[in-house]
Each structure stands twice: as structure tokens, then as C-alpha cells.
Amino acid sequence: MVPRSSIEKLPEDVRRWLERALTENGFSGYVELSEEYAGQVICFPKDYRYKIAQSDLDIYNSFNGRNWGELGRRYNRTENALRKIVKRVQDRIIKEKQPDMFI
């Protein structure tokens with residue numbers, strides 16, 4: 001089995017998911033998991049800009065320009081938090097579609 005110190009380097013939510021999945025399956029999935037990813041280095045980025053959460057995309061796709069209150073009630077977020085999410089998703093979309101002119 002993987003040394004405990006290596007598992008502790010995983011992000012907390014990934015570690016909990018892995019431990020729960022292995023425990024629920026009686027560690028039967030460990031062999032398949034190790035065969036699938038053996039010898040690979042898997043990197044989990046820490047920076048939020050590398051990943052847009054599905055909930056952020058749902059909020060962005062539901063946003064019509066003036067429904068802050070409705071979205072706040074639906075997703076249990078403040079208007080300020082929703083504005084940050086919409087801005088972050090917009091910035092990410094622009095970054096992916098528009099090349100950097102200063103490279």
C-alpha cells in the first residue's frame with residue numbers, strides 16, 4: 001500500500017474521497033486503482049484559477065445580468081460572492097479563448 005505520508009499530501013477532500021471509496025469497497029478497488037495509475041505522477045493544482053467548479057458554471061449559466069437575488073437564494077450565496085464567481089468564470093473563458101499578446 002502507498003506510504004501514509006504520500007496520502008497525507010493529497011488535498012483533504014480528495015483524501016477523504018479516496019479513503020471512503022476504498023473502505024466502502026473493502027479495499028477491493030485498490031488493485032484496479034493502482035493498476036490504472038501505477039507509475040504516474042498526478043498533480044492536483046492548488047490555485048482556483050486552474051479549475052472552475054461545476055457549481056460556478058451552473059451559477060454563470062443561470063446568470064442573466066439582473067437575477068442576483070434569485071441566484072443568491074438558489075445557491076445560498078451573497079450577491080458579492082456571486083459577482084466574484086461570475087467574474088472568475090468570465091475571466092477564465094476570456095483567457096481560454098483569447099491569446100496573450102505579450103508572450
In region 35-63, the residues that are polar (S, T, N, Q), at pLDDT 90 or above and open to solvent by less than 90 Å² (accessible area, probe 1.4 Å): S62
Among the residues listed as R66, R74, the single one being assigned to a helix (DSSP H, G or I) and modelled with pLDDT of 90 or more: R74
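The values are calculated or read from the model by the stated rules, or taken from the named source; none is laboratory data. Since the model is a prediction, treat every value here as computed from it, not as a measurement. These area figures cover heavy atoms from the full protein model, side chains too; ligands, DNA and RNA do not enter into them. Shrake-Rupley method; radii C 1.70, N 1.55, O 1.52, S 1.80 Å.
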